[in-house]
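Take a look at the following structure, please.
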Amino acid sequence: MFEFLFKQQASQASVAGQPSAGGPQAPLGSPAERRAAQAELARNLGGDEAAAVELILNSEFADVRLAAAEHVTSQAALERVQHAVRNSDRRVAKLMQGRLDAIRHVQAEQKQAQACIALAQRLLADEKLTPNLVADLDRQWKVVDAAPEAAAEFSHVREALAERLEAQVSLQRAVIDALAALRKHPDAGAVERLASEHAAHMASPERASLPRHLLNDFDAALAAERSVQQAAAAAPAASSVAAAPGAASTNTPARTPGAADGQPSAVNGGASAGVAENAPQAAPAGNADSAPGGTAEAANGHDGAALRPARTPKDKHKPTPAELEANRQFMDMVEAMEAALAQGQLHIAAEHDKTLKDSKTGRLTPAQAERLAHVRADLKRLGDWARWGGNVSREELVHAVESLPAAGLGMSELAKKVGSMRERWKALDGVSGAAPKSLWEKFDAACTAAYAPAAAHFKHLADERHSNAAKAQQLVDEANALIAKDAAQLEAAGGAQADREESASGNLPHTHDWRALASTTQRLRQAWSRLGTIDRKDKKRLDAAFSKAMDALMAPLDSQRRIEVARREQLIEEVGKLNPLDRHTIDTLRRLQESWQGHARALPLERKTEQALWQKFRSACDQIFAKRKEHAHAADHERKAHLHAREAICASLESATFEGDDKAVLAAIGKTLKDAAAAWHASGVVPRSSEQKIDQRYRAAVGALQSQADTIRKRAGAAQANAMREKLRLVQALECAVADAGDIDQAEWSSRWQALSALPAEQERTLRTRFEAALKAAVEGGAARSAYAAQLENNRQRLLSEVLRLEIVAGIDSGAEFAKDRLKMQVEVLQSSLKSGQKPASHAAQFLALCAMPALADARTSSRIEQLFRKIGAEGK
């Protein structure tokens with residue numbers, strides 16, 4: 001689980017050992033030095049993205065990585081850094097993710113903008129461009145945050161679309177104006193001019209946008225107008241036939257509004273009835289009936305009774321009050337129909353027209369009949385427009401439904417879309433009338449095909465719900481089977497009372513495998529939580545059955561868990577009572593932890609309870625370790641204080657300086673070493689890691705002072721040996737003078753003695769005694785001098801023996817001529833030392849005894865004594 005730490009250490013080593021791509025090689029010093037060097041590299045990146053990425057991937061310092069991350073901007077580099085640090089550096093990963101999200105958002109917006117531009121280009125190339133498609137395009141573009149280049153490109157295409165829509169509007173308005181002008185019965189020249197303009201309109205690129213019924217109305221009106229003009233040209237011939245007396249009033253029947261008045265009223269609702277009555281009767285009624293706005297059927301819709309002309313004065317009679325009331329109600333209904341048409345409420349106007357057809361009223365005046373004909377003509381015209389618009393809308397619905405599979409919608413959204421499309425189709429049926437059968441079949445097939453994935457998805461969900469219900473029933477059956485098995489085990493083991501007694505005794509009962517039971521119940525609950533959706537009619541029943549079974553299955557486990565909770569709390573109390581400073585505390589604590597683990601393995605508690613108790617137990621253990629650690633820290637602090645004290649002792653010894661003569665310096669060195677030793681032993685123990693080092697330092701400092709004292713002692717000993725040798729030579733010279741019987745000047749010899757340096761008391765006394773004895777014998781003269789000279793001659797052999805003995809003791813070669821005597825002397829010295837059993841005198845004492853012996857010495861003996869001086873006298877032994 002710590003592999004990433006090792007990887008990070010390896011990357012830190014690589015950063016410390018390899019030069020960065022953006023600067024000089026990082027030093028291999030302390031972490032502070034590496035941080036400073038890497039921070040300097042981050043400040044000097046200067047927008048070098050590659051070097052910034054390498055520094056982020058190799059640096060072990062978070063602030064350096066964050067500073068280098070400011071220079072990473074490209075998507076590839078951002079993805080690389082984000083993938084590398086997403087589990088190690090949250091700040092850098094969050095910064096990289098934010099920049100990646102911004103880039104991806106811009107890319108998504110660009111993609112959406114390109115899709116809108118592509119759609120606009122397709123619409124621009126489409127022959128049948130409609131305003132609703134352009135409106136949808138505008139709504140899509142409104143939510144797009146496009147770049148300036150894409151916005152300029154879309155604006156160019158949108159302007160082209162606007163120009164096409166404007167051309168469509170202008171073309172439709174021109175055709176409508178031409179139709180209105182044609183319905184005003186222009187002369188022959190104007191009719192031909194309108195016909196030529198219509199031909200130009202039909203050659204326009206936007207002719208596909210013209211409504212089909214509008215073209216049919218224009219063609220019908222043009223044909224009718226041409227027929228009227230042809231009939232007018234043939235009127236002179238017909239007038240001679242009609243010139244007979246009474247022909248116009250008796251033989252020619254009045255022309256019905258349905259045959260001649262229908263066309264003008266259908267094309268132009270404001271045309272007067274007089275124009276229709278003055279038109280020739282030869283106008284073909286079929287043209288009026290074939291036009292979309294024809295009113296032949298509408299004018300005759302009242303069974304021919306409502307539009308009959310008024311009675312002639314000869315047949316005129318006064319209407320009854322009932323007929324007047326019926327006529328008033330009828331015209332009120334016509335007025336309501338006009339109001340509905342003015343407000344665009346076509347279905348309400350249709351209901352009013354149906355009521356008018358079913359109503360019974362008297363004869364209408366010509367003005368009322370013409371008004372009704374105009375209203376029904378408007379109703380017919382609006383109905384035709386509604387049917388055309390409804391069919392266009394249905395075709396758009398079919399196109400929208402056919403495009404649903406490619407939209408990639410979710411199943412729920414797809415079902416809602418298809419349902420809303422069908423509702424819109426039904427609404428169009430109510431407003432625009434029934435749709436053609438072929439169009440309905442096409443729409444129904446498209447809806448079925450679009451809804452097929454959702455139907456399959458919902459069927460799959462239903463199958464899953466049934467499968468989940470079956471799985472839930474299996475879990476309930478399994479829980480019930482476990483309950484029956486547990487009951488059989490309890491009965492075989494002596495019943496629940498024995499089980500409870502065994503539980504109360506403090507041991508886990510053998511009739512239950514509590515761990516297996518807890519695992520089984522947890523598995524059942526987890527399996528139940530992962531079941532998925534179930535039909536509502538089955539879910540409540542299955543939930544109740546499963547809850548009942550689990551309650552029965554968990555009852556003994558819950559009881560045992562309460563006992564285990566009490567035991568765990570007892571372990572926590574035992575940990576709290578431990579003495580942290582006791583030497584056996586760690587062993588006791590380890591035993592309690594093992595006991596806790598044993599109980600946890602035997603019977604796991606609920607996760608929440610287990611975690612809470614474990615936190616309390618671990619907190620109690622942590623307090624023990626914390627107190628021990630605190631005590632250890634105090635001891636370590638004390639050891640460090642002792643270490644500082646010993647370091648101060650070493651520093652004082654190392655920096656000690658002494659002034660004065662050799663004797664004073666030796667005394668000061670001795671006192672300093674004595675005080676340092678006392679302070680050293682008075683200080684306590686030091687940290688184990690520093691003990692050897694500080695001891696070596698102390699010994700080195702003491703050795704340096706002792707070496708200085710030894711040097712002073714050696715220098716003093718050498719001076720003392722030289723003085724002793726000079727005085728010994730003076731004594732030997734005086735004794736030789738006494739033995740030679742020459743004149744001796746006492747004052748001269750005494751002055752020569754006084755001129756030599758003084759010796760230590762014992763040595764001074766020994767040589768002074770020998771000197772004064774020789775000088776006294778020389779001064780007294782006569783027998784005393786002769787006796788002393790004889791003594792000197794007698795001690796010559798003894799002096800040679802003592803010199804040989806000291807040479808043997810000091811390990812000095814005596815020469816070849818004394819080899820035999822040296823061997824014999826060695827044996828005697830060894831035998832005497834073995835017989836006496838006492839420690840022999842020191843070399844210095846033996847040498848002082850030799851110096852105290854008055855004896856004559858030849859040159860060879862004097863040179864041997866000089867050699868003994870160099871060996872023994874200089875060492876001070």
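For Leu767, all conditions in the list (1) surrounded by 13 or more Cβ atoms within 10 Å (Cβ to Cβ); (2) at pLDDT 75 or above; (3) over 21 Å from Ala855 (Cα atoms) hold save one; what is the number of the exception?
Result: Leu767 fails condition (3) only.
Let me ask something else about it. Arg601 versus (1) outside the structural domain of Asp558 (by TED's automatic domain parsing); (2) assigned to a helix (DSSP H, G or I); (3) of a type outside the set (Ser, Thr, Tyr): which is the lone unmet condition?
(1)
Right, here's the next one. Name the one entry in Glu402, Glu395, Glu441 that is exposed (fewer than 15 other Cβ atoms within 10 Å of the Cβ) and of a type outside the set (Val, Ile, Thr).
Working: Glu402 fails: exposed (fewer than 15 other Cβ atoms within 10 Å of the Cβ); Glu395 fails: exposed (fewer than 15 other Cβ atoms within 10 Å of the Cβ).
Criteria check complete, one pass: Glu441.
Go through the range 543-585 residue by residue and tally those that are in contact (Cβ under 8 Å) with a residue 40 or more places away in the chain and either under 18 Å from Ile624 (Cα atoms) or part of a loop (DSSP other than H, G, I, E, B) (or both).
10
Also, I was wondering about something else. Taking the options Val738, Val685, name whichever one is aliphatic (A, V, I, L, M), touching a residue at least 40 places away in the same chain (Cβ under 8 Å) and surrounded by fewer than 13 Cβ atoms within 10 Å (Cβ to Cβ).
After applying the criteria, what remains is Val685.
Between a first residue in the range 855-871 that is modelled with pLDDT of 80 or more and a second residue that is crowded, with 17+ Cβ neighbours inside 10 Å and not in a loop (DSSP other than H, G, I, E, B), which pairs have beta carbons less than 6 Å apart while being 6 or more apart in sequence or on different chains?
Ala855/Leu792; Ala855/Asn795; Ala855/Leu799
A further question follows. So Gly876 passes all but one of these: (1) more than 18 Å from Lys727 (Cα to Cα); (2) modelled with pLDDT under 75; (3) not in a helix (DSSP H, G or I). Which condition number does it fail?
Against the list (1) more than 18 Å from Lys727 (Cα to Cα); (2) modelled with pLDDT under 75; (3) not in a helix (DSSP H, G or I), Gly876 comes up short only on (1).
Helices (runs of 4 or more DSSP H) wholly in the range 121-230 with at least 2 residues that are under 53 Å from the mean Cα position of the chain (by Cα) and of a type outside the set (Asp, Glu) - which ones? Before the answer, list the steps.
Details: elements: 131-142, 148-182, 188-202.
Those helices (runs of 4 or more DSSP H) span 131-142, 148-182.
Then there's this: Scan the range 112-119 and tell me whether some residue there is of a type outside the set (Gly, Ala, Ser), assigned to a helix (DSSP H, G or I) and loosely packed, with under 15 Cβ neighbours inside 10 Å. Even if it seems obvious, please write down each step before you answer.
Taking the range 112-119 as the starting set, the residues that turn out to be of a type outside the set (Gly, Ala, Ser) are 112, 114, 116-117, 119.
If we keep only those that are assigned to a helix (DSSP H, G or I) too, we end up with 112, 114, 116-117, 119.
With the extra rule that they be loosely packed, with under 15 Cβ neighbours inside 10 Å, the set shrinks to none.
No, the range 112-119 contains no residue that is of a type outside the set (Gly, Ala, Ser), assigned to a helix (DSSP H, G or I) and loosely packed, with under 15 Cβ neighbours inside 10 Å.
Return the only residue of Arg729, Arg646 being surrounded by 12 or more Cβ atoms within 10 Å (Cβ to Cβ) and under 55 Å from the mean Cα position of the chain (by Cα). Before you say what the answer is, go through the steps one by one.
Numbers: Arg729 fails: under 55 Å from the mean Cα position of the chain (by Cα).
Only one candidate passes the filter, namely Arg646.
Of all the residues that make up the range 71-89, how many are surrounded by 12 or more Cβ atoms within 10 Å (Cβ to Cβ) and either farther than 27 Å from Gly46 by Cβ or among the charged types (D, E, K, R) (or both)? Outline the logic, then answer.
Filtering the range 71-89 for residues surrounded by 12 or more Cβ atoms within 10 Å (Cβ to Cβ) gives 71-75, 77-82, 84-86, 88-89.
Applying the additional criterion that residues be either farther than 27 Å from Gly46 by Cβ or among the charged types (D, E, K, R) (or both) yields 79-80, 86, 89.
Result for the range 71-89: 4.
So, of the residues in the range 791-802 that are out of contact with any Leu (no Cβ under 7 Å at 6 or more places or on another chain) and either touching a residue at least 60 places away in the same chain (Cβ under 8 Å) or more than 12 Å from Val829 (Cβ to Cβ) (or both), which turns out to be surrounded by the fewest Cβ atoms within 10 Å (Cβ to Cβ)? Please lay out each step first, then the result.
Going through the range 791-802, the residues out of contact with any Leu (no Cβ under 7 Å at 6 or more places or on another chain) turn out to be 791, 794-795, 797-801.
Of the ones still in play, those that are also either touching a residue at least 60 places away in the same chain (Cβ under 8 Å) or more than 12 Å from Val829 (Cβ to Cβ) (or both) are 791, 794-795, 797-800.
Details: Gln791: 17, Asn794: 12, Asn795: 17, Gln797: 10, Arg798: 12, Leu799: 19, Leu800: 18.
Checked the range 791-802; the qualifying residue surrounded by the fewest Cβ atoms within 10 Å (Cβ to Cβ) is Gln797.
Please find, within the range 571-588, the residue that is surrounded by the most Cβ atoms within 10 Å (Cβ to Cβ) out of those that are within 42 Å of the chain's Cα centre (by Cα) and at pLDDT 85 or above.
Restricting attention to the range 571-588, the residues satisfying the condition of being within 42 Å of the chain's Cα centre (by Cα) are 571-573, 575-576, 580, 586.
Among the residues that remain, those that are also at pLDDT 85 or above are: 571-573, 575-576, 586.
Numbers: Leu571: 18, Ile572: 19, Glu573: 9, Val575: 23, Gly576: 14, Ile586: 14.
Checked the range 571-588; the qualifying residue surrounded by the most Cβ atoms within 10 Å (Cβ to Cβ) is Val575.
Here is a follow-up. In the list Ala188, Ala200, Ala174, Ala178, which residue meets the criterion of being farther than 24 Å from Ala377 by Cα and at pLDDT 85 or above?
Working: Ala188 fails: at pLDDT 85 or above; Ala174 fails: farther than 24 Å from Ala377 by Cα; Ala178 fails: farther than 24 Å from Ala377 by Cα.
Residue meeting the stated conditions: Ala200.
Just checking, does the range 487-498 include any residue being exposed (fewer than 13 other Cβ atoms within 10 Å of the Cβ), assigned to a helix (DSSP H, G or I) and at pLDDT 85 or above?
No, the range 487-498 contains no residue that is exposed (fewer than 13 other Cβ atoms within 10 Å of the Cβ), assigned to a helix (DSSP H, G or I) and at pLDDT 85 or above.
Looking only at the range 144-155, filter to residues that are in contact (Cβ under 8 Å) with a residue 12 or more places away in the chain and of a type outside the set (Phe, Trp, Tyr); which one of those is farthest from Val106 (Cα to Cα)? Quick ask: steps written out before the conclusion?
Our first condition is that a residue be in contact (Cβ under 8 Å) with a residue 12 or more places away in the chain; within the range 144-155, this holds for 144-147, 150-151, 153-154.
Those left that are additionally of a type outside the set (Phe, Trp, Tyr): 144-147, 150-151, 153.
Numbers: Val144: 10, Asp145: 8, Ala146: 8, Ala147: 9, Ala150: 12, Ala151: 14, Glu153: 17 Å.
Among those that are in contact (Cβ under 8 Å) with a residue 12 or more places away in the chain and of a type outside the set (Phe, Trp, Tyr), it is Glu153.
If you take just the helices (runs of 4 or more DSSP H) that sit entirely in the range 1-58, which of them hold at least 3 residues that are over 18 Å from Val81 (Cα atoms), modelled with pLDDT under 50 and among the small types (Gly, Ala, Ser)?
Details: elements: 3-17, 31-43, 49-58.
Result: 3-17.
Quick one: would you say Ser751 is free of Cβ contacts under 8 Å to residues at least 24 places away in the same chain and more than 30 Å from Leu666 (Cβ to Cβ)?
Working: free of Cβ contacts under 8 Å to residues at least 24 places away in the same chain: yes; more than 30 Å from Leu666 (Cβ to Cβ): yes.
For Ser751, the condition - free of Cβ contacts under 8 Å to residues at least 24 places away in the same chain and more than 30 Å from Leu666 (Cβ to Cβ) - is met.
Also, I was wondering about something else. Mind telling me which of the residues Ile712, Ile694 ends up being under 30 Å from Ser862 (Cα atoms), surrounded by 13 or more Cβ atoms within 10 Å (Cβ to Cβ), not polar (S, T, N, Q) and not assigned by TED's automatic domain parsing to the domain that holds Gln763?
Working: Ile694 fails: under 30 Å from Ser862 (Cα atoms).
Among Ile712, Ile694, only Ile712 is under 30 Å from Ser862 (Cα atoms), surrounded by 13 or more Cβ atoms within 10 Å (Cβ to Cβ), not polar (S, T, N, Q) and not assigned by TED's automatic domain parsing to the domain that holds Gln763.
The values are calculated or read from the model by the stated rules, or taken from the named source; none is laboratory data. Everything numeric in this text was worked out from a predicted model, so none of it was measured. Cβ coordinates were reconstructed from backbone atoms using ideal geometry, including for glycine residues, and neighbour counts include every protein chain displayed.
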